[in-house]
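A.B. asks: This structure is in C-alpha cells; I'll ask about it shortly.
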Amino acid sequence: MRELRGNSEDSYKMLYSYLHMLEQVNSGTTTKVELDEAGKFKYLFIALGACIEGFKVMRKVILVDATFLKNGYGGVLVFAKAQDPNRHHYPLAFGVLDDENNASWTWFFEMLKTVIPDSSEIVFMSDRNQSLITAVANVYPQSHHGHCIWHLAQNVRNHACNTIKAVVAWRFMELARYYTLHEFESAYASFKVRYPSAFKYLEENTKRETWARMYFPGCRYNLDTSNSVESMNSAFRDARRYALIPLLDTIIKKISDWFNEHRKDAVSGSIDTKLVPLVEIHLHNLWGKAEKTPVRELNSYDLEYEVTDTDDRKVYLVNLIAKTCSCKVYDYEKYPCLHGLAVYLYFLEVPAAHGRRREVNIEYHQLSSQYYWTDLWAMAYYRTIYSVPDKSKWNVPDHIKLLQIIPPKKLTRKGRKKVNRNPSVGERRKRTQNVRRPRTNFGFSWLLFGMRTNNPSEPNNPSEPNNPSEPN
C-alpha cells in the first residue's frame, strides 16, 4: 500500500517537479509553495486554470473551510469553492497549511487574490474562525463576509436553557432567512421572549449583518451556509491520510470527474430550455398558481404591477424591468417569485395599450439572473482538467529537478504504542473474555448472608443440618 500511494518524503522532494507538470497540462494554473527559514515545507496553494476561468460566469460567492490532514505531518487541507447554479461543487482553489492561524490564512487569501481580485461583488461564506475572518477583512477589504448560519445555530442552541435545543437551532435558522424587515423584527422579538439566553448570546457575540439575510450588505443569493464545502472535505476523507502528491492526484482527478459530469448535465437539456434545472423546476411548480393570481397594472411604461396573493390576501408590488418584488424573494434569489411570474404571464397575455412600453422584449429566461442561464452554466465547464501523467512521462527542466523540499517535522503520537495488529479481511481474531474474578469480601460477607459454599452437598451454614426433614 505504501508503494501504491507513494512515500511521504519523496512527495515533498518531487513537489516542484509535480507542480511544474500540473501547470504544463493545465494552462493558466497557479501554484505556489512557501518554505520556512530552514527550507522545510510550510504552505501550498493550487488554483486550476479551468476553474478560475469558469468562475467568471459563476455567482461570486466563495465558500471556505479547512479540515485536518492525517498523513503523519499534521496541517490542514483548505478548500475555496463556489457553487454552480444547479447546486454542484465548483472548486476554485485548494491548499495545504501548517495550521489555522492569522499568518497561514492571510497567505492563502493573498494567493487567492492573485487569481480572483478584490471586488465588492465577492461574498465569502465560512464558519466563525477568527483567523479566517481577520484574513478576509485584511486581504479582501471590498468584499462581504457572511457567517454560516448552521454553525452559528449550533452555538445558539447551546446557550438556550429550559427548552428543546434542536427547536432553538431550527428557529434561529428560520429567523436568519426572513426576507423583509417587518417579518424579521417580529420574529426576532418573539425569539427574545421565548429564548432570552440565546437572544443575549446573539446580541453580545454576533452582528446581524453577518447572518441575517435582510441585513447582509452583499448579494449571496440562496447561499447562507458553508455545509457544501464541508461535504467536499468528507469526499476526501480517505485521501487525507495519503502522502502529499497522491493527495493532490486524488483531488485533481475528482475535480476533473465533476467537470465532466456537470458539463454533460449542462448540455443534456432541450435546446429550448434556457434555465438551469433548479430554476426551471421551481418556476414549473409555481406556474399553475401564478396563472390564477390576480394582477393589476399600475404603470404601463415602467412595467409596475400590483399582485394580490391568493394565500395571505396581501398586496405586493412588482417591477418587471428592475426584477423586484416587495416580498423581496425576487430581489434576493435573483429568479422570479410567485408574484413576479404572475406579472410576466399577465404581461404576455394582455394586449398592449396606448403608451405601454412594448419596445422592451422580455423573454422567459431573462426574468432570472444571467448566472442561472444554461449558456453560462455550460461555459463554466467548457475546459477540460487533466491529471498529471505518470512520472516516466515527466519533462521537467534540470533547475526545477534540483529544487527539493525538506518535509516538516513528523507528529509524535500520544498514548501507548499499539502492539496488536489489525486483522485482515476474512481473518477472525480470537475474542478475549474477561474471567470473572471472585468477589473480594475480606471474610465479612457471612455477617450479612451467612456462610456459603460452592459444594451443594455441604450446608451453607454449619449450624444448619444437611436435611431438615431427617430426625436428629
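The values are calculated or read from the model by the stated rules, or taken from the named source; none is laboratory data. The model shown is predicted, which means the values in this text are computed figures rather than measured ones. Backbone-built Cβ (ideal geometry, glycine too); neighbour counts: all protein chains shown.
A.B. asks: Filter the range 194-213 for residues that are crowded, with 19+ Cβ neighbours inside 10 Å and either assigned to a loop (DSSP other than H, G, I, E, B) or out of contact with any Gly (no Cβ under 9 Å at 6 or more places or on another chain) (or both) and give the result.
C.D. replies: The answer is TYR195, ALA198, PHE199, LEU202, ALA212, ARG213.
A.B. asks: Moving to a separate point now. Wholly within the range 233-328, which strands (runs of 3 or more DSSP E) include no fewer than the required count, namely at least 2 residues that are hydroxyl-bearing (Ser, Thr, Tyr) and closer than 30 Å to THR67 by Cβ?
C.D. replies: On the way: elements: 295-299, 304-308, 315-319.
Once the strands (runs of 3 or more DSSP E) in the range 233-328 are filtered for at least 2 residues that are hydroxyl-bearing (Ser, Thr, Tyr) and closer than 30 Å to THR67 by Cβ, nothing remains.
A.B. asks: Within the group THR206, THR180, which residue is β-branched (Val, Ile, Thr), in contact with a Leu (Cβ under 8 Å, 6 or more places away or on another chain) and more than 30 Å from GLY74 (Cβ to Cβ)? Give the derivation first.
C.D. replies: Values: THR180 fails: in contact with a Leu (Cβ under 8 Å, 6 or more places away or on another chain).
One residue alone meets the criteria, THR206.
A.B. asks: Let me confirm something: among PHE191, PHE184, which residue is within 27 Å of ARG87 (Cα to Cα), of a type in the set (Phe, Trp, Tyr) and crowded, with 17+ Cβ neighbours inside 10 Å?
C.D. replies: Details: PHE191 fails: within 27 Å of ARG87 (Cα to Cα).
None of the other options fit; the residue is PHE184.
A.B. asks: Where in the range 46-110 are there strands (runs of 3 or more DSSP E), lying fully within it, with 2 or more residues that are more than 27 Å from ASP265 (Cα to Cα) and charged (D, E, K, R)? Please lay out each step first, then the result.
C.D. replies: On the way: elements: 61-68, 76-83, 89-97.
It comes to none.
A.B. asks: Kindly indicate whether SER190 is assigned by TED's automatic domain parsing to the domain that holds PHE109 and more than 18 Å from ASN227 (Cα to Cα).
C.D. replies: Values: assigned by TED's automatic domain parsing to the domain that holds PHE109: no; more than 18 Å from ASN227 (Cα to Cα): yes.
No.
A.B. asks: Further, regarding this structure: Give all pairs with beta carbons closer than 9 Å in which a residue from the range 324-337 that is at negative phi meets a residue that is part of a loop (DSSP other than H, G, I, E, B) and among the acidic types (Asp, Glu); count only pairs at least 6 apart in sequence or on separate chains.
C.D. replies: Here the result reads CYS327/ASP309, each pair linking the range 324-337 to a residue that is part of a loop (DSSP other than H, G, I, E, B) and among the acidic types (Asp, Glu).
A.B. asks: Out of all the residues in the range 10-45, which are in contact (Cβ under 8 Å) with a residue 24 or more places away in the chain, more than 28 Å from the chain's Cα centre (by Cα), part of a loop (DSSP other than H, G, I, E, B) and surrounded by fewer than 20 Cβ atoms within 10 Å (Cβ to Cβ)?
C.D. replies: Across the range 10-45, the qualifying residues are ALA38, GLY39.
A.B. asks: Let me ask something else about it. If VAL307 meets every condition in (1) in the same structural domain as VAL329 (by TED's automatic domain parsing); (2) surrounded by fewer than 18 Cβ atoms within 10 Å (Cβ to Cβ) apart from one, which number is that one?
C.D. replies: For VAL307, the failing item is (2).
A.B. asks: Given (1) buried (at least 20 other Cβ atoms within 10 Å of the Cβ); (2) at pLDDT 95 or above, where does GLU53 come up short, assuming only one miss?
C.D. replies: Only one criterion is unmet by GLU53, namely (1).
A.B. asks: Something else about it: Which ones in the range 261-270 are within 21 Å of the chain's Cα centre (by Cα) and in contact (Cβ under 8 Å) with a residue 24 or more places away in the chain? Working first, answer last.
C.D. replies: Taking the range 261-270 as the starting set, the residues that turn out to be within 21 Å of the chain's Cα centre (by Cα) are 261-262.
Selection gives HIS262 alone.
A.B. asks: Right, next: Determine whether the range 157-166 contains at least one residue that is crowded, with 22+ Cβ neighbours inside 10 Å and either assigned to a helix (DSSP H, G or I) or under 17 Å from the mean Cα position of the chain (by Cα) (or both).
C.D. replies: Taking the range 157-166 as the starting set, the residues that turn out to be crowded, with 22+ Cβ neighbours inside 10 Å are 160.
Imposing the further condition that a residue be either assigned to a helix (DSSP H, G or I) or under 17 Å from the mean Cα position of the chain (by Cα) (or both) reduces the set to none.
The answer is no; no qualifying residue exists.
A.B. asks: Checking ARG220 against (1) part of a helix (DSSP H, G or I); (2) out of contact with any Ser or Thr (no Cβ under 9 Å at 6 or more places or on another chain), which test does it fail?
C.D. replies: (1)
A.B. asks: Kindly establish whether PRO294 is over 25 Å from TYR371 (Cβ atoms) and within 34 Å of the chain's Cα centre (by Cα).
C.D. replies: Working: over 25 Å from TYR371 (Cβ atoms): yes; within 34 Å of the chain's Cα centre (by Cα): no.
In short, no.
A.B. asks: Could I ask something else about it? If you scan the range 135-153, which residues turn out to be surrounded by 14 or more Cβ atoms within 10 Å (Cβ to Cβ), assigned to a helix (DSSP H, G or I) and either out of contact with any Phe, Trp or Tyr (no Cβ under 6 Å at 6 or more places or on another chain) or not small (Gly, Ala, Ser) (or both)? Before you say what the answer is, go through the steps one by one.
C.D. replies: Taking the range 135-153 as the starting set, the residues that turn out to be surrounded by 14 or more Cβ atoms within 10 Å (Cβ to Cβ) are 135-136, 139-140, 143-153.
Restricting the remaining residues to those that are assigned to a helix (DSSP H, G or I) gives 135-136, 139, 149-153.
Selection gives VAL136, VAL139, ILE149, TRP150, HIS151, LEU152.
A.B. asks: Hey, among the residues in the range 178-218 that are in contact (Cβ under 8 Å) with a residue 24 or more places away in the chain and of a type in the set (Lys, Arg), which one's farthest from ILE133 (Cα to Cα)?
C.D. replies: Filtering the range 178-218 for residues that are in contact (Cβ under 8 Å) with a residue 24 or more places away in the chain and of a type in the set (Lys, Arg), the one farthest from ILE133 (Cα to Cα) comes out as ARG194.
A.B. asks: Same structure again: Those residues that are among the aliphatic types (A, V, I, L, M) and within 13 Å of LEU97 (Cα to Cα), I need them from the range 35-78; list them, please. Can you show your working first?
C.D. replies: Going through the range 35-78, the residues among the aliphatic types (A, V, I, L, M) turn out to be 35, 38, 44, 46-48, 50, 52, 57-58, 61-64, 66, 69, 76-78.
Result: LEU35, LEU44, ILE46, ALA66, LEU69, VAL76, LEU77, VAL78.
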